Amino acid sequence: MTAMCPLFQNNYIKTSKYSVLTFLPLNLFEQFQRLANFYFLCLLVLQVIPAISSLTPITTAVPLIGVLALTAVKDAYDDFQRHMSDSHVNNRHSKALRDGKLVEERWAQVQVGDVIRMENDQFVAADVLLLSTSEPNGLCFIETAELDGETNLKCRQCLVETAEMGQDDARIGAFDGEIICETPNNLLNKFEGTLTWKGKRYSLDNDKVVLRGCVLRNTQWCYGVVIFAGKDTKLMQNSGKTKFKRTSIDRLLNFIIIGIVFFLLSMCLFCMIACGIWETITGRYFQVYLPWDTLVPSEPLGGATVIALLVFFSYAIVLNTVVPISLYVSVEVIRFAQSFLINWDEKMYYEKSGTAAKARTTTLNEELGQIEYIFSDKTGTLTQNIMTFNKCSIAARCYGDIIDETTNDVIEVTEHTPHLDFSNNPNYEPEFRFYDSTLLQAVRKGDEDVHSFFRLLALCHTVMPEDKNGKLEYQAQSPDEAALVSAARNFGFVFKERSPNSITIEVMGQREVYELLCILDFNNVRKRMSVILRRNGQLRLYCKGADNVIYERLKAGNRELKTKTQEHLNKFAGEGLRTLCLAVRDLDEVFFNNWKHRHQEAAVSMENRDEKLDAIYEEIETDMTLLGATAIEDKLQDGVPQAIANLAMADIKMWVLTGDKQETAINIGYSCQLLTDEMVDIFIVDAHTFDEVELQLIKLRESIRSVAKQQSAPTASEYQRGCNVEESENVAGFAVVINGHSLVHALHPQLEKLFLEVSCQSAHIGVGISGQEGMQAVLASDYSIAQFRFLERLLLVHGRWSYYRMCKFLRYFFYKNFAFTLCHFWFAFWCGFSAQTVFDPMFISVYNLFYTSLPVLGLGIFDQDVSDRYSLMYPQLYTPGHSNLLFNKKGIPQERAPWFLHVLRTYKDGVSPKGYVLSDHMLLGSVVATILVIVVTAQIALDTSYWTVFNHFMVWGSVVWYFVLQYSYNYIIGGRYVGSLSMAMQEATFWFTTVITVIVLMIPVLAWRFYFVDVRPTLSDRVRLKQRLAQLRSGIVYLFLKSRQSQDVLRTPSARRTRRSIRSGYAFAHQEGFGRLITSGKIMRKLPRPNGDFFFPPFNHSGPSSTFTSHLPTGSFDDTSDI
């Protein structure tokens, strides 16, 4: 390779944002881009101007600096972690060839064109083209967890021509090939290029490339030439900026704060006009006592105008606390604490895997309480992704059901049903379960059709065998394939070993070796896979795939077999089983050789390679003979039906993706309560043309509208009316099932709006299930849970609590700020609108920071209206979040009465019994400040529904803390208001005024709440009453719960109405299989030894399955592999 070109990136990476020199200016620049911070910076500048400020700049500087410093510390810590990570990665060591010798190099010094040596368990420094490896056939194994979250091993193989160089440093160092490849991109599973070396051109694909971030496993060493480095590597190309997600409350807050700013400006404008009038009429006659500033003209009207303009800015400073600077910091603290409550919830801990729920973000908690649509995969999310061979159809006969010999009825299989004994088979698996003895008897009798059926299962796959401590184990690409090969094994057709060109099985103890000629691998378009084998001179193609795909390629005739098998497929679909059809074809040697030549040409084509291969496959996968069908069960996870039923009652619409056909999707929907018999209708969108899909969607929309006019949804209005859930029936909804062909048209820009109108909206929050299929979804999620049933608790408990708490917090936060700020507004009427403050400047500075911060944080973190049990028992409690019922533009609390005026009247011209004057400014300010703290504390005590030790400490402790801090500041530090509060508290007037003020302000609140709880209770009020009665009457709790459970009982399949017989979909891994790797030898760790031993690394990959079922409450996309 030539030396590094300046056009290429070096291998140094930088994910950090700041340096020591740039941190302060850049961070401040970023922070002042936030509207609230910039607003307070402008106020601080204004406060520095003596002519317009009656407040010391400290009152704004202290909270502003506190907020900026707290945010800066957080940003600095985050960036320090990024610096540490960058340094760790850039300083990793790699061995690079320099002048034919291996030398240690830091990753940052590796360049494009360098040849590097990688060793076992080491990270790969850059994207490299493999040249040679320690394993036979140029094979190496890698782990790609940092790239895609998958921990299963993947195979890569270098070119045979370069593999010959081995680990000869001199030969590899002299490598002078020219690589022409695609430009840097983020596609992890795609690479296209060519290598020109020694006058020949070689095709390069993804199987010959190892990417940065991979870890070399089970391979002693390998060499590769760097093709992409640094920011050009696919790992870094996928490390784009994280999408910033904002909650609906965040957006509402921004709108409200803008409104508050306008409200502030209107108050300032009012005070400016009033000041101008007062100065014109009265103020000009008091210049001896209150002289005008030298900047003010002496002419009365002109002077009053200038003073009024200055007062406008002065009141912008004095009343600035109506805009809450500490609001965003408080919100982040509450969200952070709520995330820990999610992480610590033992009821969302899955003991089998030792996995707890995890909040991977701290910015979306309350959004969990406002979810309207859920988008979910089926396989591994709703199901366990543990496949079991359940039933099959062979030669028009169905196997798997247990028939009562007396009544000929099918006996339901339970845990206590005796299963067949396969112990006579030395390779049987003790955990395998099958109950129909007729199939085992047919195998033992040598039934030709049954033997052909199981031979296909043992031969047509890409499973890898592995010997672990003398025990044969299989590593499959998908659990479906593993289940089928396992079934064949237990029935006596044991897959033993494979090489790049052979497959060995053991049939009833007899060894059979087949020459593997070709694997026609699976992909999402083909929906099938085939193998072509030769044994004893006979060529045969074995194929398995989706029923509709296989039926289209069967030879004419055998109508009875096809019809009967189709009936069995319908039966399996009715039971929600995943199915495949099996077929075979005998091939002519001449035809195959001609086909193989054209197949080889397509395989090495540089243009449209996949399309050409698919066309070649079509030629040979025709005129096949049907053998039968398999039915695999993927059991639902525990609690899925109950969770979906409760989520539907919470008015949450759900869409489920599954790779099955639409008929199977419907049956799965019924089994998991996604579809119910009470639904008005189930609409199937299955058209193939744009116009037909449009007509079906329009019909669906009109049907929904016509029913909606007759029904009222149990949403926010019902919540406000306080409808009793126990007495109300859940409104019957609609279901939509849409197949892949129709979905393509439905997502067309011209139909997109119509489709969204009748179905769903885009997802905002990601919740990953850490199940059997790897951790990629978890790594990309905002929240992770171990089982789908925990989603019910995540939303209905933690989500609802978070939304409820945040709304309460915001309402109270705005209330206390308004109560504080409007004291200055009311005082303006007594001070001639001169912008004189009523409070001590230090009190203004720390009111939000010290005196009222803890109680509201306690409310936002710990409060709850009903317990978690009742939140799950009454899912309709969740509905207020859908319409922002608990906090909206109309819900900003206003100060209920100008209580400040009553205090002023009390202390105006006041004299104590000892003759002390009580009407001085400082005493009045201290009294008002004290009453304000007591009033807002009493208010939050009334707002708190759930008291904990922390709430008691924070609420009552804040009042004590106020007095401690007041005395400490005034007497120890020497504040200007020293002695004022002490003087006031010595007089009965203070205590009488305080008690009367608190009573006068609290009684309307209590009366209002008692009235609405008694006359117009919300659903929450009703449930809270039930909860309290249950606590008081603990003797009837058991009967109460039994009554509730009897109403919420779910239908069993036996109680479900009979549905039409429907056709099955297919079960298959939805990604390309291991076919090319097997036939090329890439998957082979070592070639078979004479004794038949193999040594393979584990392949624990589980391919994802896909379909979509949703409900309006429910619906379904299916067959998405057609897209």
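The values are calculated or read from the model by the stated rules, or taken from the named source; none is laboratory data. As the structure is a prediction and not an experimental result, all values here were calculated from the model. Neighbour counts are summed over all protein chains in view; Cβ atoms, including those assigned to glycine, are modelled from backbone coordinates with ideal geometry. Ligands, DNA and RNA are stripped out before the accessible areas are found, and what is left, the full protein with its side chains, is counted by its heavy atoms. Shrake-Rupley method; radii C 1.70, N 1.55, O 1.52, S 1.80 Å.
Annotations
- Test result for Val549, in contact with a Gly (Cβ under 9 Å, 6 or more places away or on another chain) and modelled with pLDDT of 90 or more: no
- Every residue from segment 759-813 that is part of a strand (DSSP E or B), modelled with pLDDT under 75 and more than 16 Å from Tyr373 (Cα to Cα): Ile769
- The residues of segment 567-584 that are open to solvent by less than 10 Å² (accessible area, probe 1.4 Å) and among the aliphatic types (A, V, I, L, M), listed by number, are Leu569, Ala573, Leu577, Leu580, Leu582, Ala583.
- Test: Glu552 is without any contact (Cβ under 8 Å) to a residue 24 or more places away in the chain, open to solvent by less than 60 Å² (accessible area, probe 1.4 Å) and not basic (Lys, Arg): no
- Unique match (being open to solvent by 80 Å² or more (accessible area, probe 1.4 Å) and either over 38 Å from the mean Cα position of the chain (by Cα) or over 30 Å from Tyr39 (Cα atoms) (or both)) among Lys208, Lys200, Lys234: Lys200
- Residue in segment 585-592 that is under 30 Å from Gly537 (Cβ atoms) and in contact with a helix residue (DSSP H, G or I) (Cβ under 6 Å, 6 or more places away or on another chain) present: no
- Residue in segment 312-334 that is part of a helix (DSSP H, G or I), open to solvent by 70 Å² or more (accessible area, probe 1.4 Å) and at pLDDT 90 or above present: no
Residues are listed down the side, and each one gets a yes or a no for (1) without any contact (Cβ under 8 Å) to a residue 40 or more places away in the chain; (2) not hydrophobic (A, V, I, L, M, F, W, C):
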| residue | (1), (2) |
| --- | --- |
| Ser968 | yes, yes |
| Met983 | no, no |
| Ala1007 | yes, no |
| Tyr1011 | yes, yes |
| Gln1027 | no, yes |
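- Residue that is farthest from Gly799 (Cα to Cα), among those in segment 364-401 that are outside any strand (DSSP E or B), open to solvent by less than 40 Å² (accessible area, probe 1.4 Å) and among the aliphatic types (A, V, I, L, M): Ala396
- Segment 951-992, residues that are part of a helix (DSSP H, G or I), open to solvent by 30 Å² or more (accessible area, probe 1.4 Å) and within 23 Å of Pro913 (Cβ to Cβ): Met983, Met985, Ala988, Thr989, Trp991, Phe992
- Taking the conditions (1) under 38 Å from the mean Cα position of the chain (by Cα); (2) in a strand (DSSP E or B) in turn, Thr361 satisfies each one other than (2).
- Within segment 346-363, considering residues that are farther than 14 Å from Phe790 by Cα and in contact with a Phe, Trp or Tyr (Cβ under 8 Å, 6 or more places away or on another chain), the one least open to solvent (accessible area, probe 1.4 Å): Thr361
- Note on segment 491-501: residues that are at pLDDT below 90, assigned to a strand (DSSP E or B) and surrounded by fewer than 22 Cβ atoms within 10 Å (Cβ to Cβ) total 2.
- Scope segment 921-940; condition of a type in the set (Gly, Ala, Ser) and open to solvent by less than 20 Å² (accessible area, probe 1.4 Å); matching residues: Gly925, Ser926, Ala929
- Any hit, segment 872-895, residues being outside any helix (DSSP H, G or I), more than 30 Å from Val797 (Cβ to Cβ) and modelled with pLDDT under 70: yes
- Within the set Ala483, Ala487, Ala458, the sole residue that is within 34 Å of the chain's Cα centre (by Cα) and either part of a helix (DSSP H, G or I) or at pLDDT below 90 (or both) turns out to be Ala483.
- Residue among Ser478, Ser437, Ser486 that is open to solvent by 30 Å² or more (accessible area, probe 1.4 Å) and closer than 25 Å to Thr579 by Cα: Ser437
- Members of segment 1016-1048 that are open to solvent by 70 Å² or more (accessible area, probe 1.4 Å) and either closer than 27 Å to Ala643 by Cβ or modelled with pLDDT of 85 or more (or both): Arg1016, Arg1022, Leu1025, Arg1028, Gln1031, Tyr1038, Leu1039, Lys1042, Gln1045, Ser1046, Gln1047
- Among the numbered conditions (1) small (Gly, Ala, Ser); (2) touching a strand residue (DSSP E or B) at 6+ places or on another chain (Cβ under 7 Å); (3) over 23 Å from Gln642 (Cα atoms), the only one that Ala308 does not meet is (2).
- In segment 564-580, the residues that are under 10 Å from Ile632 (Cα atoms) form Cβ pairs under 9 Å with partners that are among the aromatic types (Phe, Trp, Tyr), at six or more places apart or across chains, as follows: Gly576/Tyr670; Arg578/Phe572; Arg578/Tyr1066; Arg578/Phe1068; Thr579/Phe572; Thr579/Tyr1066; Leu580/Tyr1066; Leu580/Phe1068.
- Some residue of segment 840-859 being buried (at least 22 other Cβ atoms within 10 Å of the Cβ) and under 21 Å from Leu252 (Cα atoms): yes
- Cross-chain or 6+ apart pairs with Cβ under 7 Å, segment 592-618 first and under 16 Å from Phe522 (Cβ atoms), then outside any helix (DSSP H, G or I): Asp614/Val525; Asp614/Arg526; Tyr617/Leu520; Tyr617/Arg526
- Positions within segment 865-879 being open to solvent by 20 Å² or more (accessible area, probe 1.4 Å) and in contact (Cβ under 8 Å) with a residue 12 or more places away in the chain, in sequence order: Ser867, Asp868, Leu872, Met873
- Verdict on Arg117 being in the same structural domain as Ile180 (by the TED database) and buried (at least 17 other Cβ atoms within 10 Å of the Cβ): yes
- Residue-level check: of (1) within 21 Å of Thr658 (Cβ to Cβ); (2) in contact with a Leu (Cβ under 9 Å, 6 or more places away or on another chain), Ser393 misses just (1).
- Given (1) closer than 30 Å to Ile307 by Cα; (2) open to solvent by 20 Å² or more (accessible area, probe 1.4 Å), number of the condition Phe23 does not satisfy: (1)
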